[in-house]
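First up is the structure itself, then whatever we jot down about it.
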Number of protein chains: 2
Amino acid sequence: MAVANAAVKIPMEAPVSEKRVRNRAATEQAILDAAKRLLAEEGFQNFGINAVARGAGCDKQLIYRYYGGLDGLVEAIGTDLGSWVKDRIPDDTGGMFLLTYGDLMERLALLFLDALRADPLMRRIVAWEVSENSEQVRRLSEARSKALAGWIERMRGSLTPPKGIDAQVVNAIIFAAIQHVVLSATVSDQCAGLALKTARDWEKAATALKRIVRGVYG
Amino acid sequence: MAVANAAVKIPMEAPVSEKRVRNRAATEQAILDAAKRLLAEEGFQNFGINAVARGAGCDKQLIYRYYGGLDGLVEAIGTDLGSWVKDRIPDDTGGMFLLTYGDLMERLALLFLDALRADPLMRRIVAWEVSENSEQVRRLSEARSKALAGWIERMRGSLTPPKGIDAQVVNAIIFAAIQHVVLSATVSDQCAGLALKTARDWEKAATALKRIVRGVYG
DNA sequence: CTTGCTACTCACCGCTCGGTGACAGATTGG
DNA sequence: CCAATCTGTCACCGAGCGGTGAGTAGCAAG
């Protein structure tokens, strides 16, 4: 087999899919991407070592080696989440002048609504958060809420809530409402009997949301 | 072995657990109860034929025979749900005079909040609803929302929402908020960074909720 | 007692899961 | 050149899953 070397040097490369390159960094990234994609598209139900490995096109052993298992991988997703959020939720006021706390909260609520609607991964994580209480989920949840809190703080600027209102609690409830509405709509195109399918439906929801925010903050 | 018959007639009954009686109705009920209990306590994650059969102390084959499988069993739970709700959410106004639509919605919101906090099965179903879109879940969800809508309609009486407000949409958002807050608190004792552990925490949440409702409906 | 019917159990199937140990090919350093 | 190391693959394990076909125990009528 003296010709073996030559044959290896010019093999019929990539008979069907391009040959896997030996590159740890790229493989790690491929695994991370596959995990995020899987979580976003399939949800946490069928999320596991085997599925991720299949999605990344590599052996699951590498997930154990590079991330120490599913937990480590999920943690890596969490770490990734901060930048993820930054890319997806605008950080300016869209040219608006936010004169009052009510202006601010209305804008934040609508921005958050749109951002969540547009981001499947975030939606899955939120759904996961209210369905399971594992270490995995806790880490993800923490990363998410931290990113969210940071965003709100940045947007808030120097505006302060009106006296006599426990804004932290009110805001938590409003954001909870947004999350549940979006989750419910994603799964079943409706929420509590309210259709949430067409753009028109969502406009009505946004209007009602504005009304609620304005009702509290004026 | 002539004594065999005598031995059978007076056997050491129930050596450890009482002997299973041959009673189809009772077994069906045991299966249904086990399913509800399992769903309430463990959630939908590990909910399956084997787990239910184990919980009911019978063979899974009986679940196929009596309910036609998990789907039929879940449907039976859904059917059960109407009466379940009636037992758990009060149907009167608690001696209050509800003069305005705002009065009504405030009371409904608080009642719903408490009822959901007190009912693990309902919470699991709600969590399931926002996590998966299967036929099973759709059936359960439908039964739940029907029961809920019926309750609201009964409580509403002749009160009508103020003009110029799309009450259906606003109410859907408010109920969504309640559901998400309760789910989140159940899993992690907090929601969007807001602690929801002590009675004091919940009082604050209830106050904020009232403020939101009153903000919209006056 | 025999014969059916019903309630119920058991053993087994194929499959996927998470997890591990052994191994092959490429790369690098001596 | 060999040897060590790194990257990636493969075969296999035990366990649990949903699902099924065959068989057993109790009861009632003849």
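The values are calculated or read from the model by the stated rules, or taken from the named source; none is laboratory data. These figures come from a predicted structure and were not determined experimentally. Cβ placement follows ideal geometry from the backbone for every residue including glycine, while neighbour counts extend to all protein chains displayed. The protein model used for the area step is the full one, side chains on, heavy atoms only, and it has no ligands, DNA or RNA in it. Shrake-Rupley method; radii C 1.70, N 1.55, O 1.52, S 1.80 Å.
Among the residues of the range A:163-173, just one is more than 7 Å from every other protein chain (Cβ to nearest Cβ) and of a type in the set (S, T, N, Q), namely A:N171.
Evaluate the following for B:R37: is it away from DNA strand D (no atom under 14 Å from the Cβ), more than 30 Å from B:T160 (Cα to Cα) and either in contact with a strand residue (DSSP E or B) (Cβ under 9 Å, 6 or more places away or on another chain) or not aromatic (F, W, Y) (or both)? Yes, satisfied. State all residues of the range B:169-208 that are open to solvent by 10 Å² or more (accessible area, probe 1.4 Å) and outside any helix (DSSP H, G or I); if no residue qualifies, say none. Within the range B:169-208, B:D189, B:Q190, B:A192, B:G193, B:L194, B:A195, B:K197, B:T198 meet the criteria. Scanning the range B:183-200 for residues that are of a type outside the set (S, T, N, Q) and more than 9 Å from chain A (Cβ to nearest Cβ) yields a total of 6. Within the range B:26-52, the set of residues being part of a helix (DSSP H, G or I), more than 8 Å from DNA strand C (Cβ to nearest atom) and without any contact (Cβ under 8 Å) to a residue 12 or more places away in the chain comprises B:Q29, B:E42, B:N50. Within this structure, A:R211 passes the test of being facing another protein chain (nearest Cβ under 9 Å) and open to solvent by 50 Å² or more (accessible area, probe 1.4 Å). Residues in the range A:86-105 that are in contact (Cβ under 8 Å) with a residue 24 or more places away in the chain and of a type in the set (A, V, I, L, M, F, W, C) were compared, and the one that is farthest from DNA strand C (Cβ to nearest atom) is A:L98. Quick check: anything in the range A:60-68 small (G, A, S), over 17 Å from A:T79 (Cβ atoms) and either modelled with pLDDT of 50 or more or within 14 Å of DNA strand D (Cβ to nearest atom) (or both)? No.
When the range A:19-64 is filtered for residues that are within 14 Å of chain B (Cβ to nearest Cβ) and open to solvent by 70 Å² or more (accessible area, probe 1.4 Å), the ones remaining, listed by number, are A:E41, A:E42, A:N46. Evaluation of A:A185 against the conditions (1) more than 28 Å from B:P120 (Cα to Cα); (2) within 17 Å of the chain's Cα centre (by Cα) shows that the sole unmet condition is (1). Without any contact (Cβ under 8 Å) to a residue 40 or more places away in the chain, more than 14 Å from chain B (Cβ to nearest Cβ) and outside any helix (DSSP H, G or I): is that true of A:S83 in this structure? Against the criterion (without any contact (Cβ under 8 Å) to a residue 40 or more places away in the chain, more than 14 Å from chain B (Cβ to nearest Cβ) and outside any helix (DSSP H, G or I)), A:S83 does not qualify. Reported count of residues in the range B:69-97, each being open to solvent by 60 Å² or more (accessible area, probe 1.4 Å) and within 16 Å of DNA strand D (Cβ to nearest atom), is 2.
Before we move on, is A:K86 over 29 Å from A:V216 (Cβ atoms) and of a type in the set (K, R)? In short, no. Could you check, for the range A:146-162, whether at least one of its residues is open to solvent by less than 20 Å² (accessible area, probe 1.4 Å) and within 11 Å of chain B (Cβ to nearest Cβ)? The answer is no; no qualifying residue exists.
Annotation note: Cβ proximity below 9 Å between a residue of the range A:54-66 that is under 12 Å from A:E28 (Cα atoms) and a residue that is near DNA strand D (Cβ under 7 Å from one of its atoms) and part of a loop (DSSP other than H, G, I, E, B) (sequence gap 6+ or interchain) occurs for A:G57/A:R20; A:C58/A:R20.
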